[in-house]
Amino acid sequence: MKIEPRDIGKLRWHALLAVALVAAATALALWSMGNERKARSERDAMAGRKAQTEQRLRQVRTEEEEIKERTQRFQQMELAGIIGPELRLDWTELLRDLQRQLRLPGMTYEFGPQMAIETVEAAGYAYHSSQLKIQLRLLHEGDLLNFLERLQKEAKAMVLVRNCKVWRLPPTAVATDAAQLAAECTMEWVTLRRASGAGRP
C-alpha cells in the first residue's frame, strides 16, 4: 500500500487530535486527583473538628457534674449547720442535752479559740476549727460510744474525734454518783465560712 502526501496530512491531524485527547485526559485525571486530595483533606479536617467538639462537650459535661456534686455537698453542709459562723451557744446546749438524755453522771468541757485551718481559694471559703477538751463520767463503755455518735450526728459542725482515753474509777469515786468509768476526749469542731476579703458569690 502506497502512502500519498495527502494521507500524511490527514494522519498528522489525527495524531494532533490524539495528543490533544491524551493531554485532556491527563489534565482531567490530575484535576480529579487534586479534587480527591482536597476532599480527603477537608474530610480529615472536619473529623478533627468533630473530635475536638466532642471532647469539649465531654469536658463540659464532666465539669457540670463536678459543679453539681460540689453544689449538693455544699447544700448538705449548709443544712447540717457546718457553713457559717460557729454556734458555741448551740454547741454547749447540745452537750448539756446529750448529758441529760443519756444520763451521764458527770461532764466538764472547754472549747479552745477558733483557728483557720484551710482556705478553699476557688470557693472563697475557709475551714475553721475549735478544739474541745471534754471529761465524762460514765456508767459503762456504751455511754461514750452513744455520746460520740449522737454528737457527730446532731452538732452544727463537723466533729472530728482526735483521741479518747477511758479508765476505771476507784471504788471510792464510784459510790458518789454510780459512775464506773471516766473518759477524756479531744475533738475538733470544724466549720466553713467565707474567707476574709472574699466577695459575695
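The values are calculated or read from the model by the stated rules, or taken from the named source; none is laboratory data. Values in this document were obtained by computation on a predicted structure and should not be read as measured data. Positions of Cβ are generated from backbone atoms using ideal geometry, with glycine treated the same way; all protein chains shown enter the neighbour counts.
Output the residue which, of all residues in segment 169-183 that are of a type in the set (A, V, I, L, M, F, W, C) and part of a helix (DSSP H, G or I), is surrounded by the most Cβ atoms within 10 Å (Cβ to Cβ). Working first, answer last.
Within segment 169-183, the subset of a type in the set (A, V, I, L, M, F, W, C) is 169, 173-175, 178-179, 181-183.
Subsequent filtering for residues that are part of a helix (DSSP H, G or I) retains 173-175.
Details: A173: 13, V174: 15, A175: 10.
The extreme case among them is V174.
Tally time: how many residues in segment 140-168 are surrounded by 17 or more Cβ atoms within 10 Å (Cβ to Cβ) and of a type outside the set (G, A, S)?
Start the filter on segment 140-168 by keeping residues that are surrounded by 17 or more Cβ atoms within 10 Å (Cβ to Cβ), which leaves 143-144, 147-148, 151, 155-159.
Then keep just the ones that are of a type outside the set (G, A, S); that gives 143-144, 147-148, 151, 156, 158-159.
Matching residues across segment 140-168 total 8.
Would you confirm whether or not segment 141-159 contains a residue that is in contact with an Asp or Glu (Cβ under 8 Å, 6 or more places away or on another chain) and at pLDDT 90 or above?
yes
One residue is enough: does segment 46-56 have a residue meeting the conditions surrounded by 10 or more Cβ atoms within 10 Å (Cβ to Cβ), part of a helix (DSSP H, G or I) and either modelled with pLDDT under 70 or assigned by TED's automatic domain parsing to the domain that holds W189 (or both)?
Within segment 46-56 (the criterion being surrounded by 10 or more Cβ atoms within 10 Å (Cβ to Cβ), part of a helix (DSSP H, G or I) and either modelled with pLDDT under 70 or assigned by TED's automatic domain parsing to the domain that holds W189 (or both)), the answer is no, since none of the residues qualifies.
Kindly evaluate D97 against the criterion of being outside the structural domain of A182 (by TED's automatic domain parsing), outside any loop (DSSP other than H, G, I, E, B) and at pLDDT 80 or above.
Spelling it out, it is not the case that D97 is outside the structural domain of A182 (by TED's automatic domain parsing), outside any loop (DSSP other than H, G, I, E, B) and at pLDDT 80 or above.
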